[in-house]
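Have a look at the structure below before the remarks.
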Amino acid sequence: MFQVHNNLATGSKLECLIVGIYEHASKFFGFTADADELLEGQLTQLLKEGEISAKAGKAAKIHTLGKMGVKKIIFIGLGKEKTADFESVREAAGKAFKLAKEAKSSSAAVDLDSFIGANVTGSDAAHAISEAFALATYHFEGYKQKSNEPETFIEEVQVFSKEDQDEVKAALTVGYVFGRATNSARNLVNLPPNMLTADDLAQYARKLGEKYNFEIEILGKEEMEKLGMGALLAVNQGSVEPPRMIVLKYQGKEEWTDVIGLVGKGVTFDTGGYSLKPRESMVGMKSDMAGAAAVLGAMEIIGEMKPGQNVVAVIPSTDNMVSGNAFKPDDVITAMSGKTIEVLNTDAEGRLALADAVTYAKQHGAGYLVDVATLTGGVIIALGSEMTGAMTNNESFFEQVLEASAEAGEPIWRLPYTKKDQKRVRNSKIADLNNSPGREGHAIMGGAFIAEFAEETPWVHLDIAGTATTKKDSELGTAGATGVMTRTLALLVERFEV
Ligand code: BES
Ligand code: MN
Ligand code: ZN
């Protein structure tokens, strides 16, 4: 996909060249200075007039009208060099690739060195550019017989840089792996629920596991019954689709120690069950397996990058349906851990499925746990749709997740978790726990419930109900699934320190 060259001549035959510009002097450097000369100073003129702008996010497409080999140059503003960083460069590159795609170019070229700045090394720029390329040009096929807009595909990207070629190539590969894995997660979330059942998700995971030589375990209903996974089974009770508990293990250390457990909610469709969702809020509930998608996306990156860590991914998967067999409010169920749960709301099903998955992850040796879940509408009310809600029982582990999320550009914000919250989830006359202590702070209640199963194990909870999908197109994506937390989880694993 990416070809790296160490020299960009003004005569090179290129359809579309992307050049980044930082706000500084009113003149051009390197390739652009040569181009300016060929164009008789017109680029400088356009820069003066503000037609070409270095302001962050400003873009200009300039036709060279046969005066040089490069047909079109897309200038993309990078803002002030001091404030620009990996994230802002990635966004700018994403915008530029979107413009290149709109221009119906089948190939694009990038002047990589023009993106290098005070806080952005050549490797950073290369990673940002290839990741942005994958993310920005993502598109979900869909099922239209005839697409409204025929898609154009950029089939290759020429990258020009005077930096160390091997380093540039390596960083391009990493960024592209991260971007593509995020797109894999997006694809899973965008799939309609009739085309992605629990078993379909399990088959996807199996293929992934086979590709990367992970240890694979997929539990069916009978095995779950034997293991006493009463919480996940309760959620599945009303469904004609059998449940799956999906386990993938990656061993990157000699010994199976310091295992990171990644647990992703894999509810393929959430009707709410007997605590039925109103018709408006049921639409979109195909995305209730976005946590599972993020975990599988992260496992794809892990499979490619092979970090020196141990990881167990555990995904409880089912849909949440109504039928004569379905579980009901007032039911009392027993989770795999032995804890009994009074069901007050069948729409608080994610925490039930996750309870058994967390217990199972611990049984598989997880000494650290991250759960990722589209768990509550409450988190959207609390934090909006740009922030993932986080909770923890362990400060230093949380710190590591926070750092990974910042690096990935997937921001998280901490919600409180106190003894009083524990008390509320433990408040039941007839069971150990209740699954829905009421509307007040209910995003916190979701996390607090899962904490009852993490127990002493360092644990971070990520509620992605607000961030898993978006209504808006952006520099690095389109409306629909975002693939959020794929990269955060992968970076957490890569950088993890005991
Ligand atoms: N899957 C939903 C949460 C959700 C809401 C995800 C909106 C994406 C967008 C979850 O299972 C749910 O229904 N949560 C309830 C919990 C309540 C019954 C305690 C909620 O948030 O309303
Ligand atoms: Mn629900
Ligand atoms: Zn749900």
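The values are calculated or read from the model by the stated rules, or taken from the named source; none is laboratory data. Keep in mind that this is a model prediction, so the values were computed, not measured. Using ideal geometry, Cβ is built from the backbone for each residue, glycine included, and neighbour counts are taken over all protein chains shown. Areas reflect the complete protein model, heavy atoms only, side chains present, ligands, DNA and RNA absent. Shrake-Rupley method; radii C 1.70, N 1.55, O 1.52, S 1.80 Å.
Quick notes on this structure:
- Using heavy atoms of the protein chains and a probe of 1.4 Å, the accessible area assigned to PHE29 is about 110 Å².
- Where labels lie 7 Å past Cα in the beta-carbon direction, separation of ARG426 and ARG414 in nm: 2.2
- The chain: antiparallel DSSP beta bridges as a percent of all, rounded to 5: 40
- A 1.4 Å probe, protein heavy atoms only, puts the accessible area of LEU46 near 40 Å².
- Rg/Rh ratio calculated on Cα atoms of the range 196-495 (Kirkwood radius): 0.93
- In this rough spin-label picture, where each label sits 7 Å from Cα along the Cβ direction, the ASP199-ASN119 distance is 5.1 nm.
- Heavy-atom accessible surface of the chain: percent carbon and sulfur, 1.4 Å: 49
- In a DSSP loop and with at most 15 other Cβ atoms within 10 Å, the trypsin sites (Lys or Arg not before Pro) in the range 79-185 are LYS82, LYS104, LYS144, LYS146, LYS162.
- Using alpha-carbon coordinates, inclination of helix 395-408 to the longest axis of the chain, degrees: 40
- Pairwise FRET efficiency - HIS139 versus THR340, Cβ, R0 = 41 Å, nearest 0.05: 0.30
- Summing charges over all other residues whose Cβ lies under 11 Å from the Cβ of ASN194, with Lys and Arg as +1 and Asp and Glu as -1, gives -2.
- Size of electric dipole in the range 196-495: Cβ of Lys, Arg +1 and of Asp, Glu -1, about Cα centre, debye, nearest 20: 520
- The range 292-354, relative contact order [Cα under 8 Å, separation at least 6], %: 25
- Leading residue at positive end of dipole, the range 383-498 (Cβ point charges), from GLY480, PRO411, SER428: SER428
- In the full protein context, the chain carries 43 Å² of accessible surface per residue, based on a 1.4 Å probe and ignoring ligands, DNA and RNA.
- Kirkwood Rh (inverse of mean 1/r, distinct Cα pairs), the range 2-182, angstrom: 16.4
- Residue among GLY365, ILE341, LEU208 farthest towards the positive dipole end of the chain, charges placed on Cβ: ILE341
- Fraction of beta bridges assigned by DSSP in the range 340-498 that are antiparallel (%, nearest 5): 40
- Other residues within the sphere of radius under 11 Å centred on the Cβ of THR467, judged by their own Cβ, net out at -3 (K and R +1, D and E -1).
- Relative contact order of the chain, taken over Cα pairs closer than 8 Å and 6 or more residues apart, is 15 percent.
- For the range 262-269, backbone phi angles converted through the Karplus equation (6.51, -1.76, 1.60; θ = phi - 60°) give residue-by-residue couplings of 10, 10, x, 5, x, 7, 6, 7 Hz, Gly and Pro being listed as x.
- Computed E for ASP34/LYS207 - FRET, C-beta separation, R0 51 angstrom, nearest 0.05: 0.60
- At most 13 other Cβ within 10 Å, DSSP loop - chymotrypsin sites (Phe, Trp or Tyr not before Pro), the range 146-244: PHE153
- Here the extension length gained between ASN6 and GLU49 equals 12.3 nm, from 0.36 nm per residue of separation less the Cα-Cα distance.
- Cut-off 19 Å (backbone N to label point 7 Å along Cα→Cβ of MET282), residues of the range 331-350: 345-350
- Beta-bridge orientation, the range 2-182: approximately 20 percent antiparallel, per DSSP, counting only bridges with both partners inside.
- Within the range 139-196, GluC sites (Glu not before Pro) in DSSP loop having at most 15 other beta-carbon neighbours inside 10 Å: GLU141, GLU151, GLU155
- Seen from GLY122, the other residues with C-beta closer than 9 Å to its C-beta sum to a net charge of -4, counting Lys and Arg as +1 and Asp and Glu as -1.
- For a label point 7 Å along the Cα-to-beta-carbon line of GLU497, residues of the range 298-319 with backbone N under 20 Å: 307-311
- Projecting the Cα atoms of SER396, GLY466, TRP256 onto the charge dipole of the range 196-495 (Cβ charges, centred on the Cα centre) puts GLY466 farthest toward the positive pole.
- Residues of the range 227-245 with an amide N closer than 14 Å to a point placed 7 Å from the Cα of LYS328 along the Cα-to-Cβ direction: 238.
- From largest to smallest, the equivalent ellipsoid semi-axes obtained for the range 183-282 from the alpha-carbon gyration tensor read 27, 18, 13 Å.
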